[in-house]
Amino acid sequence: MQRETVLELLGVETFYGKIKVLHGITMKVKQGQIATILGSNGAGKTTLLRTISGVVEAEYGQILFKDKRVEKLDPNKIVKSGISHVPQERLIFSELSVEENLKLGAFTQKNSHMTEKVFTYFPALKERLRQFAGTLSGGEQQMLAIGRALMSKPELLLLDEPSLGLSPMLVEEIFTILKQMNKDGLTILLVEQNVNLALDLADYAFVLKNGKIFMSGEPESIRQEDKVRESYLGEGKGKYMKRAKIWGQQ
Ligand code: ATP
């Protein structure tokens, strides 16, 4: 079955001040896919997600979501168009309850039925509806951040390092839920440091290096490229061997 392109970037360039961080990114994400963006620290992965969700502006290039240009839209309009972003910092409002945090993610009253949908993925949140979000565990906060992003009924979910700071067991739990969301029709673009986990989950991978797409392909082909590991880890041979060990253990 030929999948349709849901997200397309053409020559996207993003700057912080005068410093160019994304250098002409061109990529496609297909409908129903889990695509992952890999790359060493500072490669520009977070900036790429921020650019797609409009948090930072693309100085040049085009971003098409379902064939419509979105690169000049405000972030809230981008959410309304069907793209939701779970940032690395999670941005949970600690002094609001779980329920209030979820409501903040819903753009219209019509979406309130999404709360029930969120609970089917994260039943733990239902038990903690009135609890202050700041008192949740790290794993529960990540669930809340993802749950809140689901409240706007996205077609494309951008996820920045959902495994950060979580135990391996919790990471596995969250990744299993992501897989289920994807089966239910959600397209996912995932930035993840846990390379093996990301390649296990994804249908397609992009390797970012110094703000450029260095390589892309099916996870198996990426996994087999020793050169890719070395390059995107951005390290010399000695260090690489150390990291390769970590890679093997992930
Ligand atoms: P990491 O895995 O460490 O989060 P990353 O691949 O997500 O890295 P980015 O966070 O996108 O990379 O950063 C890309 C480059 O842009 C880095 O050189 C970083 O120092 C720089 N950068 C990121 N955010 C800002 C900012 N707000 N202002 C200025 N420079 C920034």
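Just a few scattered comments:
- Å² per residue, accessible surface of the chain at 1.4 Å: 51
- Percent breakdown of C-alpha pair distances by 5 Å bin, ordered from the shortest bin, for segment 1-77: 3, 16, 26, 26, 18, 8, 3, 1, 0
- Set Lys77/Lys179; Lys20/Lys103; Lys77/Lys212 screened for pairs whose C-alpha atoms are more than 32 Å apart: Lys20/Lys103
- Ordered from highest to lowest accessible area with the whole protein assembly present and a 1.4 Å probe, Ile213, Ile63 read as Ile213, Ile63.
- Within the shell of other residues whose beta carbon sits under 14 angstrom from the beta carbon of Lys68, the net charge comes to 0, with Lys and Arg scored +1 and Asp and Glu -1.
- Accessible-area ranking of Tyr121, Tyr60, largest first, probe 1.4 Å: Tyr60, Tyr121
- For the chain, the equivalent ellipsoid derived from the Cα gyration tensor has semi-axes of 29, 22, 17 Å, listed largest first.
- Sulfur and carbon atoms: percent of accessible area, segment 60-127 [1.4 Å]: 54
- Largest accessible area first, the listed residues Thr5, Thr14 line up as Thr5, Thr14 when surface is computed with a 1.4 Å probe on the assembled protein chains.
The values are calculated or read from the model by the stated rules, or taken from the named source; none is laboratory data. Please read all numbers here as calculations on a predicted model, not as lab measurements. When we count neighbours, we look across all protein chains shown, and the Cβ atoms used for this are built from the backbone with ideal geometry, even at glycine. Note: areas computed on protein heavy atoms with side chains; ligands, DNA, RNA excluded. Shrake-Rupley method; radii C 1.70, N 1.55, O 1.52, S 1.80 Å.
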